[in-house]
Amino acid sequence: MFKLEEIPMFSALTQEHIKELYDQTHIKHFTKDSIVFYEGDKSNYLHILLDGSIKLYKTTPKGTQIQINRLAAPSMIGEYACFEQQPFPASCEFVTDGTMGLLPFEMVYKHLNNSDFSLEIIKSLTGKVALLSALVHKETVLSSEAKVADLMMQKLALFHRLKNNEIASVLNLTPETFSRIMTKFKKEGLIKVESHIVTILNEDALYNIVETNTMKDCTNCIAHFKEQIGYKD
């Protein structure tokens, strides 16, 4: 489990201040699938993920989850809601067993005059804005095939570590849609899957799917690759 001084935001503080924060931080342990807070909840605490991984998601009126992000320790959670004194804009759920530190927000305000401390908060907030921008692009622009191709090129390790239904959840796709796309990629010779390990065979074709937002426009790219390797249907 991470300690407060191992988190960039707190590393700039003196040991005296670190001890003060430790004394004020409430440590809570969670099991997998436990809810930390729901969208719309209010809190006077800065949530600090000390151990494990969580997912942040919004829920549509029909009850469908739209996953915003997954975060691993150490991470700060819900800074915006605390600074703006607004309800949490998303729900937070552990995807592993883990530990959360709850620090009264008044203690954060107390140390804002430390420039390094404040800078790390700003960096965390701007990082969340970048993640939100990427999510909006993914959900409003990319096709289902492009989502899978993009994640495969950006974070191939996820395909080795997570189950198919978990990857589908990350992409906000149904397991059936994700499975259908993976089958299509394998059939077209873009990837191969052996013992749950995904190997990219044609990175250019995957890149083209993301750029053109469709598989139809990458037909020539796929055909050219098949010709190079002597692939036959």
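Summary table below
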read-out: Residue in the stretch 84-91 that is under 25 Å from L119 (Cα atoms) and crowded, with 19+ Cβ neighbours inside 10 Å present; value: yes
read-out: Of all residues making up the stretch 145-191, the number that are of a type in the set (A, V, I, L, M) and in a helix (DSSP H, G or I); value: 13
read-out: Lone unmet requirement of (1) among the aliphatic types (A, V, I, L, M); (2) surrounded by fewer than 20 Cβ atoms within 10 Å (Cβ to Cβ); (3) closer than 16 Å to I122 by Cβ for M107; value: (3)
read-out: Strands (runs of 3 or more DSSP E) contained entirely in the stretch 41-125, each with at least 1 residues that are closer than 30 Å to T14 by Cα; value: 45-51, 53-59, 65-72, 75-77, 98-104
read-out: Every pair of residues 6+ apart whose Cβ atoms lie under 6 Å, when the first sits in the stretch 175-194 and is more than 15 Å from M152 (Cα to Cα) while the second is of a type in the set (A, V, I, L, M); value: P175/A168; E188/I222
read-out: Residue pairs meeting the criteria (Cβ under 8 Å; at least 6 apart or on separate chains; first hydrophobic (A, V, I, L, M, F, W, C), in the stretch 15-37; second assigned to a helix (DSSP H, G or I)); value: I18/L4; I18/E5; I18/F10; L21/L4; L21/F10; L21/M107
read-out: Residue selected from the stretch 2-34 under the condition more than 18 Å from C92 (Cβ to Cβ) and not in a helix (DSSP H, G or I), by the criterion least open to solvent (accessible area, probe 1.4 Å); value: L13
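The values are calculated or read from the model by the stated rules, or taken from the named source; none is laboratory data. Please read all numbers here as calculations on a predicted model, not as lab measurements. With ideal geometry, Cβ positions are generated from the backbone for all residues, glycine too; neighbour counts draw on all protein chains shown. All accessible areas refer to the heavy atoms of the entire protein, side chains included, with ligands and DNA or RNA removed. Shrake-Rupley method; radii C 1.70, N 1.55, O 1.52, S 1.80 Å.
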